[in-house]
Amino acid sequence: MIPELNIWEHSQALRELCYRRGLDLEPEMDCAAQGAELLAPFIKSSQNKRLKLLDVGCGGGHFYHSLKRRGLEVDYRGLDYSPSIVAVARKAFIELGLDPQKIILGDLRDLTGFECDLAAMINVLSFNADFREPLNRLAETGARVLVIRDFFGPKTVITYETDGFLDNGFNHLKGYWNEWSSPEVADCLSALGYQANFLIDKRTQGQTELVVNKPYRWSWLLAEKKNP
C-alpha cells in the first residue's frame, strides 16, 4: 500500500502506543493474552522443536512479550505493512537487545516462499478488502495452526469509511472495517485444508464494543490443518 494512503501511517498517538507496547511498558492487551493461551498447547507439544511463528499485523511486536511471559519459546517473526510502525517496533526491539530484523516490513503478498509453523492475526483481517486473499496467503506459509481474532458474524458486511481519529489533515482517508461471514470463512479454510473452530472472546463475551466509534463483536477462530 502507498504509505500516504495508509491510515495507519497517520496517527502519532498510535505510533507512540506501539512503541511503548514494543518495550512492554503498557499493560498486556487481553487479546494478546488470549492468543498466546490458544497457541500454548501447540507450542508446548512441539517436542523441543522451536516453532516459527508469524504475527501478522504485529504493530509494536507486543505479542512477542505475551508469548515470552508464558514461557512459550518460538522463532518469532512480526509482519506489518506500515513503515513508521515497523520503525518504532524495530527501535523497541533494539533497546531490549532483540533482533530488529524479526520485524518484517511488508504484507502477506511479500512473503513468497516464507514458511512457518504457526500464524497469528489478531484484530487485522477486518481491515482488508476481502478475507480470501489473506487466508490463502497464510495457507501458503504452510502454517499448521492459525489463530485469528476478528469480527465474525452470520453474514459479510463491507464497510469502507473514514477513521476519524487520525492526525490533523488526514481524516479524509478511508479504510475497511468489515464483518466476515463465519460460514464463508469456514468454507474458505476448509478448501485450503483447515478445520475451523470459532470461539467466544473471553473479555467481550460476544457483546458489541466500539472501535474508533465503529461497532465490533470480537470472536476467535482457531484453524488446524486437517492433515498436518
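Quick rundown of the values:
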quantity	calculated
Share antiparallel - DSSP beta bridges, the chain, percent rounded to 5	50
Two-decimal Rg to Rh for the chain - Kirkwood Rh, Cα set	0.94
Gyration tensor (alpha-carbon) shape descriptor, the stretch 168-213, a/c threshold 1.5	oblate
Inter-label distance, nm, simple model (7 Å from Cα along the C-beta direction), residue 68/residue 226	3.9
Most to least packed among 60-72, 85-97 [average Cβ atoms within 10 Å]	60-72, 85-97
Stretch gain in nm, segment residue 198-residue 17, where the contour uses 0.36 nm per residue and the Cα spacing is subtracted	62.2 nm
Whichever lysines have a C-alpha closer than 24 Å to that of residue 49, once near sequence neighbours (fewer than 8 apart) are set aside	68, 102, 225, 226
Percentage relative contact order, the chain, counting C-alpha pairs under 8 Å, at least six apart	19
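Coordinate-derived values only; no laboratory data. Predicted, not measured: the structure shown is a model, and the values here were computed from it. As a convention, Cβ positions derive from the backbone with ideal geometry for all residues, glycine included, and neighbour counts pool all protein chains shown.
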